[in-house]
Amino acid sequence: MVSAGLLLKKSYSVAEVDEFLERRLAEAGYAGMEMEKLPLGFRINVSVVKPGLVIGRKGMGIRDLTELLASKFKLDNLSINVVEVTNPDLSPRVVAARIASMAQRGMAFRRAVLVSMANVMKAGAMGCEIVVRGKLRSERAHFERHIQGIVPKSGHDKDVIVAKAVTDVLLKMGLYGIQVRIAYQDATPPEFEEVKPRAPSEAQAPTTEVTGNAGS
């Protein structure tokens with residue numbers, strides 16, 4: 001795999017390709033990409049919720065996207081493989097994009113976050129943390145942190161168990177940042193093997209932290 005920091009031709013990076021695809025494939029439920037360097041070119045594996053919107057009628061969509069990426073980022077012999085995301089509620093990027101979409105449609109951030117977090121936990125996550133930063137209640141910037149379940153914050157466990165995504169959304173009050181962390185039950189190392197999801201009646205209530213300083 002090509003790492004996110006590896007520069008391609010014309011000083012373009014994999015991160016720039018990822019950002020371009022995130023904007024281009026937003027309606028398809030973009031969940032991320034991986035780039036492979038092949039002996040004669042490149043292959044990009046694109047994960048989306050709705051692959052049909054990417055492939056298009058008779059494959060026209062995927063052909064147009066391949067030609068556009070190859071031209072824009074100077075990727076020789078490029079091929080694109082579209083992978084369907086079978087459980088979107090366990091994809092941090094999809095969850096963050098959904099929260100942004102709900103906020104754009106007028107739903108309060110706290111409600112959007114709690115609805116999304118409930119769906120994540122129902123999908124089988126070990127834990128979920130969602131942070132929203134921006135002018136949530138006044139002209140001053142604030143942030144709210146909501147967490148449910150277990151989300152490791154440090155060490156090797158964090159790298160193995162937790163996936164993270166960050167996005168932003170521009171509303172009338174200004175720019176808001178949304179950060180989603182999801183801890184996966186089936187990725188737990190031995191020291192976490194005893195952690196089992198509790199029944200809905202015993203589930204931990206979401207914890208909310210509110211502060212008035214978005215920069216802290």
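All of the numbers you see were taken from the coordinates with simple rules; none came from a lab. Here the structure is a predicted model, which is why all the values come from computation and not from measurement. As a convention, Cβ positions derive from the backbone with ideal geometry for all residues, glycine included, and neighbour counts pool all protein chains shown.
Given H placed on each backbone N at 1.01 Å, which residues far from residue 127 in sequence or on other chains put an amide H within less than 5 Å of it?
150, 183
Mind checking segment 86-174 for GluC sites (Glu not before Pro) that DSSP puts in a loop (not H, G, I, E or B) and that have at most 15 other Cβ atoms within 10 Å?
Loop-located and lightly packed - 139.
Once you've got the Cα coordinates, tell me which of 72/158; 74/172; 37/58 are over 31 Å apart. All intermediate terms of the calculation are to be shown ahead of the outcome.
Numbers: 72/158 35 Å; 74/172 38 Å; 37/58 27 Å.
Violating the 31 Å limit, Cα to Cα: 72/158; 74/172.
Relative contact order of segment 13-79, please, whole-number percent, based on alpha carbon pairs below 8 angstrom and at least 6 residues apart. List each step's numbers first, then the result.
Details: 74 pairs, mean separation 19.0, N = 67.
That works out to 28 percent.
Enumerate the amide H contacts of residue 78 below 5 Å, restricted to partners 5 or more residues apart or on another chain; note that Pro and chain-start residues carry no placed amide H.
Residues meeting the amide H criterion: 42.
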